[in-house]
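Please find one structure pasted underneath; my questions will follow.
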Amino acid sequence: QHSANLESIAHLKQGLELVTSVSEHSLRISFEMQLYSTLGPAIIATRGFGDAEVGDTYQKLSELPQLPGNKPHVKVALWGQWVYSLVRGNLATAHTLALEMQQAGQETDDTGMLIEGHWILGDTLFWLANFDTAQQELTKAIERSDPGQHHTHAYIYGQDPCVAAHCYQSATQWYLGNLDQAYAENAVAIQLANSLHHPFSIGWSLAFTFMVRMFG
């Protein structure tokens, strides 16, 4: 939470080296899930979404055996594989993973998973130039989000999903020719990111400010 990502990475990797000494199988798997889940966002923050180690980290997380009660780690693994695929330009894979996240959220009635599912599908559809449907998915993510209840998403996934959805709504509105709405969505993203005091989310909102204002 203090953006000490390099220090975080060092500790988490030490933990992964030590976890092999845990003899009890389910406990070892649980530790690995927690370590890989925390390692992913720290690597993203320091090296970017498309770094090979990001893909490797979330792939290892997804390959861990399923244990009762490990649903949070399953959705983190899905999200990590999605963002790695998206940034690497594998949009078909990213689209499939986003749909899988959304379907899993619907089947389990998991609001947090649904929020992530809607926004990552909206993000993917944006890059597929399907702007109308992207807008619908992003709106669903925003409507389901409660900053007070879902503020931890910023640390689990690296950025707040509602901020991200408003950012992509801003870009989507621009492509649809709605410049005033694009500026309005961007203003909401900035305000929300600042209220959360989450540096990476603030960076997102400012990056989209630059993009929309430059093109606008």
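The values are calculated or read from the model by the stated rules, or taken from the named source; none is laboratory data. Computed from a prediction, not measured in an experiment: that's the story for all the values here. Cβ atoms come from the backbone with ideal geometry, glycine included; neighbour counts cover every protein chain shown. The area values use the complete protein model at the heavy-atom level, side chains included, leaving out ligands, DNA and RNA. Shrake-Rupley method; radii C 1.70, N 1.55, O 1.52, S 1.80 Å.
Has the stretch 30-45 got any residue that is without any contact (Cβ under 8 Å) to a residue 12 or more places away in the chain and under 30 Å from Q136 (Cβ atoms)? Spell out the reasoning first.
Just the residues of the stretch 30-45 that are without any contact (Cβ under 8 Å) to a residue 12 or more places away in the chain, to begin with: none.
So far as the stretch 30-45 goes, no, none of its residues is without any contact (Cβ under 8 Å) to a residue 12 or more places away in the chain and under 30 Å from Q136 (Cβ atoms).
Anything in the stretch 141-158 that is of a type outside the set (A, V, I, L, M), buried (at least 22 other Cβ atoms within 10 Å of the Cβ) and at pLDDT 85 or above? List them, or say none.
First pass over the stretch 141-158, keeping only residues of a type outside the set (A, V, I, L, M): 143-153, 155, 157-158.
Those left that are additionally buried (at least 22 other Cβ atoms within 10 Å of the Cβ): 145, 153, 157-158.
The answer is S145, and nothing else.
Which of (1) under 22 Å from Q1 (Cβ atoms); (2) open to solvent by less than 80 Å² (accessible area, probe 1.4 Å) does G55 not meet, given it meets every other one?
Condition (1) is where G55 drops out.
What number of residues within the stretch 200-216 satisfy the criterion of being among the small types (G, A, S), under 19 Å from I156 (Cβ atoms) and modelled with pLDDT under 90?
The total comes to 1.
Further question: Which of the residues spanning the stretch 201-216 are surrounded by fewer than 21 Cβ atoms within 10 Å (Cβ to Cβ) and assigned to a helix (DSSP H, G or I)?
Keep residues of the stretch 201-216 that are surrounded by fewer than 21 Cβ atoms within 10 Å (Cβ to Cβ), which gives 202-203, 206-207, 209-216.
Within the stretch 201-216, I202, G203, L206, A207, T209, F210, M211, V212, R213, M214, F215 meet the criteria.
Residues in the stretch 164-184: is at least one small (G, A, S), touching a His at 6+ places or on another chain (Cβ under 6 Å) and either open to solvent by 10 Å² or more (accessible area, probe 1.4 Å) or in a helix (DSSP H, G or I) (or both)? Walk me through how you get there before you give the answer.
Initial filter on the stretch 164-184 (small (G, A, S)): 164-165, 170-171, 177, 182, 184.
Add one more test, that the residue is touching a His at 6+ places or on another chain (Cβ under 6 Å), and what stays is none.
No, there is no match, as no residue in the stretch 164-184 is small (G, A, S), touching a His at 6+ places or on another chain (Cβ under 6 Å) and either open to solvent by 10 Å² or more (accessible area, probe 1.4 Å) or in a helix (DSSP H, G or I) (or both).
Pairs only if they're at least six apart or on different chains, beta carbon under 7 angstrom, first in the stretch 167-193 and under 15 Å from M214 (Cα atoms), second assigned to a helix (DSSP H, G or I) and open to solvent by 60 Å² or more (accessible area, probe 1.4 Å); list them, first residue then second.
Close Cβ pairs (under 7 Å, with a partner that is assigned to a helix (DSSP H, G or I) and open to solvent by 60 Å² or more (accessible area, probe 1.4 Å)) amount to Q173/Q181; W174/F215; A182/W174.
Also: How do the pairs read when you match residues in the stretch 100-119 that are within 12 Å of Y157 (Cβ to Cβ) with residues anywhere that are of a type in the set (D, E) and open to solvent by less than 10 Å² (accessible area, probe 1.4 Å), using Cβ under 8 Å and keeping only pairs 6 or more apart or on different chains?
Hits for this filter: M101/E116.
Under 6 Å between Cβ atoms, at least 6 apart or on separate chains: pull out the pairs that start in the stretch 54-65 with a residue that is under 9 Å from G80 (Cα atoms) and touching a residue at least 12 places away in the same chain (Cβ under 8 Å) and end on any residue that is among the β-branched types (V, I, T) and open to solvent by less than 50 Å² (accessible area, probe 1.4 Å).
Within 6 Å, the pairs are V54/I43; V54/I44.
Within the stretch 56-74, identify whether any single residue is at negative phi and touching a His at 6+ places or on another chain (Cβ under 8 Å), and answer yes or no.
Of the residues in the stretch 56-74, the ones at negative phi are 56-68, 70-74.
Next, only the ones that are touching a His at 6+ places or on another chain (Cβ under 8 Å) stay: 61, 64.
The answer is yes, given that some residue of the stretch 56-74 is at negative phi and touching a His at 6+ places or on another chain (Cβ under 8 Å).
Could you say which residue among L91, L6, L67, L97 is in contact with a helix residue (DSSP H, G or I) (Cβ under 8 Å, 6 or more places away or on another chain) and surrounded by 17 or more Cβ atoms within 10 Å (Cβ to Cβ)? Can you show your working first?
Details: L91 fails: surrounded by 17 or more Cβ atoms within 10 Å (Cβ to Cβ); L6 fails: surrounded by 17 or more Cβ atoms within 10 Å (Cβ to Cβ); L67 fails: surrounded by 17 or more Cβ atoms within 10 Å (Cβ to Cβ).
Residue meeting the stated conditions: L97.
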